Amino acid sequence: MPDISKAVPKLDEEEKMSGRAVYVDDIDIPGMYFARTVRSTVAKGRIVKIDVPKLPKDYHIIDHTDIPAKNVVKMIFDDWPVFAEEKVTHIGDPIMLVVGKDRAVIDDICENIAIEYAEEEPVFDFRDSAVDYRFEKGDAKKAFERTARHIEYTYRTGYQEQAYIEPQGFVAYREQGRITLIGSIQCPYYVKNAVLDTLGCGEDDVRVKQAVVGGAFGGKEEYPSVMACQLAVAVKKLNVPIKLVFGREEDMEVTTKRHPSTITLRAAIAEDNTVAALDAHIKLDGGAYLGLSNVVLSRSMLAVTAAYTIENLNVAGDVYLTNTVPNGAFRGFGAPQMIYAIEMFMHHIAKDLGEDVLEFRLKHLAKQGDMTATSGHFHEPIIMPALIERAMEMSDYRRKASTYAKDESNHGIGMSWFFHGCGFTGSGEADHIKAEVKLEKDIEDKVHIHVAAVDMGQGSKTTLAKVVAETLGIPLADVVIDNPDTDFVPDSGPTVASRTAMVVGGLLARAGQRLKSEWVSGETVVVIEKYKQPDHIRWDDEKFHGDAYPAYSWGVNVVEVEVDPHTYEVRVENVTSAYDGGKALDERIVLGQADGGIAQGVAYGYLEVMEHDKGKLKQRNLTDYMIPTAVDTAPTRTYLFDNPYALGPFGAKGFGELTLVGGAPALALAVEMAIGRKVTKIPVTPEVIMELMKHGKH
Amino acid sequence: MVEHIVPATLAEALEAIADGKKEVIAGGTDLMVQRRKGAGRLPDFPDGLVYLFDLDELKYVRKTADALHIGAMTPLEELLKHPHVPNLLKTIIAEMASPALRRVATIAGNIANASPAGDSLIYLYLIDANVKLISASGERSLPIHEIITGPKTTCLTKQEIIVEITIPIHRFTHERFKKIGPRRSDAISKASFAAAAFIEEDIIRDFRVAFGAVSATVVRCKDIEETLKGTRVDALKEASRSIIERYASHIRPIDDQRSNKVYRKTVSTNLLADFIATL
Ligand SMILES: Cc1cc2nc3c(=O)[nH]c(=O)nc-3n(C[C@H](O)[C@H](O)[C@H](O)COP(=O)(O)OP(=O)(O)OC[C@H]3O[C@@H](n4cnc5c(N)ncnc54)[C@H](O)[C@@H]3O)c2cc1C
């Protein structure tokens, strides 16, 4: 059998390279209307009065009074309204849509709508905890009592914007009484279920189709449901096709971001200078609505010890509501904040103890069979020592670290170790998602893949098709996979959580096996496969106890930097990574994820600054919000280890998020070495470095 | 109907703007961004545009005995390749925007836009460049610091077109440019620094320093420079601290979405100190 990792041209390559791919904004329906959202200009308050100018013929206002059923966008928490009623909770809170045929006239109407608010004092600090989770492992309290030395640090992280190429958008229309929505989305069934709730209609009355998606990075996980509900309400009332597409600035100002965090870590140090216990408090800024922030918090908390094993833990987490843009899903989903914090902390402890940092970390490295943070077990082999050795060798880490730590060259090298839990947290796959996939062989013996997984550029169409082709032993050209359409595909779950290759791919491999045994040439054969939790995986959602994930992917990032002594600018010189993602389903696709993920992760550490001033984001376009260009991206080398996972298709585990989560700590550690000062806050911008040089701790 | 004009000659262009209504557009890399509208809408130019991009007569680089003459419509990328363009200017242009933008963007646009962060401006100030303006009723030539009257404001009238930038030829033994952008390409300067000196037998004959993005316009202090000419290099180095102090009151940056004033001021003075220290 040929090695599945061998790269093939992506199935959608031709379509995209030729410019023929149809994105939402390319869709033009005769007689189509446009919509624009009128939004709150205050961070908190009550709407006292809305003055709408006299509308020209065929121009309409759609607001909460038009909602047939619930004024709620179904996510995990039902706190996100489709349209604000009397209360507004952040700048950008949607109040109504203006709908009509000419965008210039719509803009004019929007500018002339006068809204009077009774403003209230907005909250921007961590005061209103709305989610409060806790768990323990071992007996941290006792360990703290029994040890004399305790070390504490607090780490802070900022916003991160997904900055997908294509801003969010939908086109919606009526089709024989039903409403069809075509969107730039990651989760067709999230959108469908949200619209069903808002319209209060039956299963069959709503159809959701995915247009070609120009990037998502998590940003198109839950936010599209907000737009879809608004648009569905408008289409239901006006009975015309309508397009709602954001410009870049509106998109950046109102869609979800990575949660800013403050993480306080306290360690009890045993006699032998190891960490006997860890006390962690993870605080996330949820913004104005919770949406799915509690799940983000869970993932942060579950990553509390990252690649290390610590026997005694006391872990607390809170999501705070603030009067700012709601935060949400973003590649890594809570893990980047935590992995940054724990990696810095392990270094800071070692330094404060006068221990060799590498030795200290190796002593704590997790091994197969160890208890996870939630007292489950690492069931699979952990090959971190091999990854670490390879990454250090490729980057010449040992020599460089010992030289740079001493000299005045302004160079630094940092190395992060991390894992990423694959698939939904805890029992999510079994209890909530209940994924289902369908394979349909037609009379020409072509096999059609029916899944809700979205190819947003990450290559899932190609990898899933390869899994099916290889399982069946048929040519790739005989496998057909289209963009999901809820009329045809079962709910194989959202395209999130590094679950597509492992979980959806795993189901497809099983379906493929069955199809193979039921194969009758020239006849239609349909096979449906449903998710089953592996027997050895046990999870208690209430107590945060057990196996939080069925499998883990592992990685090592090494980042080398030079800091300009006069301007404090950071220049990333090179990046080296080693990953265990089980088995690459396509080497080029996986390396593409690796290059993009690490660039995004490193940039999170030093480049991507987003702040708000009294609830108003200061960086609202790509001139002011910096993502790395090709010139900023350092030479990047990646080594992929094979460590096949028995339950993944051909051994594959998750890979998409793994490549992001270790970038920021590796970068921050490199800067720390270059400047000889402890870094406790990212992004570590030149402005921050200047302050550290003046006042920082060694 | 809005009328846009694409003149083939400078004379036609001047006639088209003679009534002071239409705006001129060169590469459009500032103008199109500034006039952007929401999703799906084109920028609005209610009085019409006069496109300068076909004016081949304004695309040239000519060298005379004492100056370099740059035609206003010469794209930045051409200047980057041109053998007569001074290296210091090339260094600056190479850090402006990105190759695609530089194929259309012009120095004239950078001048007329008059942003305190405009990167070519720091050079034009440092070198005492002159800017030639023509209108249907005549022409005038002014030094750059008289053209630019404040942040985003110039003395240009709506009937005038920048036709040429004149760069006097100087001899320097030391040149320095540093752009502090938030990233390494396609970035607006948070601060910038340019300096040049001519040293002969250990004596400072010429000494110039300019700071960008730290005040309403580029900062250049000729009075300070004058007092330093004629000093010995080691004396200058010894006086570094007091020189920096004299500059400090002229460096008055702001806080904004790209950086803060403490940083801008600190790095500006660091760069000056480094320039002096390495003479
Ligand atoms: C992504 C991006 C990156 C950028 N990076 C940089 C950077 O690194 N550094 C930097 O300094 N700038 C940068 N800019 C800004 C811009 O590219 C420059 O200011 C450029 O020099 C403008 O030239 P233009 O020919 O495109 O001007 P235009 O946009 O055509 O015109 C700008 C203004 O000048 C006027 N004008 C143009 N030509 C004439 C003329 N001959 N006579 C009279 N008036 C005239 C126009 O009416 C308009 O008001 C960037 C812009 C973008 C979009």
Residue count, segment A:161-198, condition polar (S, T, N, Q) and open to solvent by 30 Å² or more (accessible area, probe 1.4 Å), comes to 2
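Looking for whichever is out of contact with any Ser or Thr (no Cβ under 7 Å at 6 or more places or on another chain) and either without any contact (Cβ under 8 Å) to a residue 40 or more places away in the chain or exposed (fewer than 15 other Cβ atoms within 10 Å of the Cβ) (or both) here; the options are A:Asp107, A:Asp139, A:Asp125. Which one fits? Show your work before the answer.
On the way: A:Asp107 fails: either without any contact (Cβ under 8 Å) to a residue 40 or more places away in the chain or exposed (fewer than 15 other Cβ atoms within 10 Å of the Cβ) (or both); A:Asp139 fails: either without any contact (Cβ under 8 Å) to a residue 40 or more places away in the chain or exposed (fewer than 15 other Cβ atoms within 10 Å of the Cβ) (or both).
It is A:Asp125.
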Condition met for A:Glu166 (at pLDDT 95 or above, acidic (Asp, Glu) and in contact with a Ser or Thr (Cβ under 7 Å, 6 or more places away or on another chain)) = yes
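Residue by residue, here is whether (1) open to solvent by less than 10 Å² (accessible area, probe 1.4 Å); (2) of a type in the set (A, V, I, L, M, F, W, C); (3) more than 20 Å from A:Ala668 (Cα to Cα); (4) not in a helix (DSSP H, G or I) holds:
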position: A:Met338; (1), (2), (3), (4): yes, yes, no, no
position: A:Ala350; (1), (2), (3), (4): yes, yes, no, no
position: A:Leu358; (1), (2), (3), (4): no, yes, no, no
position: A:Arg361; (1), (2), (3), (4): yes, no, no, no
Restricting attention to segment B:154-164, does a residue exist that is more than 16 Å from the ligand (Cβ to nearest atom), part of a loop (DSSP other than H, G, I, E, B) and either open to solvent by 10 Å² or more (accessible area, probe 1.4 Å) or over 24 Å from A:Asn621 (Cα atoms) (or both)?
-> no
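In this structure, is A:Val526 in a strand (DSSP E or B) and surrounded by fewer than 22 Cβ atoms within 10 Å (Cβ to Cβ)? Can you show your working first?
Working: in a strand (DSSP E or B): yes; surrounded by fewer than 22 Cβ atoms within 10 Å (Cβ to Cβ): yes.
Taking the combined requirement at face value, the residue satisfies it.
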Are there any pairs with C-beta distances below 8 angstrom linking a residue in segment B:92-115 that is within 14 Å of another protein chain (Cβ to nearest Cβ) to a residue that is of a type in the set (Val, Ile, Thr) and near the ligand (Cβ under 7 Å from one of its atoms), with the two at least 6 apart or on different chains, and if so which?
-> B:Ala97/B:Thr29; B:Leu101/B:Thr29; B:Ser115/B:Ile188
Odd one out for B:Tyr125 among (1) within 11 Å of the ligand (Cβ to nearest atom); (2) outside any strand (DSSP E or B); (3) under 14 Å from the mean Cα position of the chain (by Cα) = (1)
Matching residues, segment A:206-245, being within 21 Å of the chain's Cα centre (by Cα) and surrounded by fewer than 24 Cβ atoms within 10 Å (Cβ to Cβ) | A:Ala211, A:Val212, A:Gly214, A:Gly215
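Could we say that B:Ser115 is polar (S, T, N, Q), open to solvent by 20 Å² or more (accessible area, probe 1.4 Å) and more than 9 Å from the ligand (Cβ to nearest atom) here?
So B:Ser115 does not fit the description; no.
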Collect the residues in segment A:622-636 that are more than 14 Å from B:Pro182 (Cα to Cα), in contact with a helix residue (DSSP H, G or I) (Cβ under 7 Å, 6 or more places away or on another chain) and surrounded by fewer than 17 Cβ atoms within 10 Å (Cβ to Cβ), keeping them in residue-number order.
-> none
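Out of the residues in segment A:656-698 that are assigned to a helix (DSSP H, G or I) and among the charged types (D, E, K, R), state the one that is nearest to the other protein chains (Cβ to nearest Cβ).
Let us first name the residues in segment A:656-698 that are assigned to a helix (DSSP H, G or I), namely A:658-661, A:663-675, A:686-695.
Restricting the remaining residues to those that are among the charged types (D, E, K, R) gives A:672, A:687, A:691, A:694.
Details: A:Glu672: 19, A:Glu687: 4, A:Glu691: 8, A:Lys694: 9 Å.
Step by step, filter segment A:656-698, then rank; the result is A:Glu687.
Rundown of residues vs (1) in contact with a Pro (Cβ under 7 Å, 6 or more places away or on another chain); (2) closer than 28 Å to B:Val209 by Cβ, yes/no style:
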{"site": "B:Leu14", "(1), (2)": "no, no"}
{"site": "B:Asp44", "(1), (2)": "no, no"}
{"site": "B:Leu49", "(1), (2)": "no, no"}
{"site": "B:Asp66", "(1), (2)": "yes, yes"}
{"site": "B:Ile70", "(1), (2)": "no, yes"}
{"site": "B:Pro75", "(1), (2)": "no, no"}
{"site": "B:Leu79", "(1), (2)": "no, yes"}
{"site": "B:Pro83", "(1), (2)": "no, yes"}
Identify, by number, the condition in (1) open to solvent by 30 Å² or more (accessible area, probe 1.4 Å); (2) within 14 Å of chain A (Cβ to nearest Cβ); (3) in contact with a Gly (Cβ under 6 Å, 6 or more places away or on another chain) that B:Lys178 doesn't meet.
-> (3)
All but one of (1) more than 10 Å from chain B (Cβ to nearest Cβ); (2) surrounded by fewer than 20 Cβ atoms within 10 Å (Cβ to Cβ); (3) more than 26 Å from A:Asp352 (Cβ to Cβ) hold for A:Pro649, so report the exception by its number.
-> (2)
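The values are calculated or read from the model by the stated rules, or taken from the named source; none is laboratory data. All values reported here derive from a predicted model rather than from experimental measurement. A quick note on method: Cβ atoms are made from the backbone with ideal geometry, for glycine too, and the neighbour counts reach across all protein chains shown. Only protein heavy atoms, including side chains, enter the accessible area calculation; ligands, DNA and RNA are left aside. Shrake-Rupley method; radii C 1.70, N 1.55, O 1.52, S 1.80 Å.
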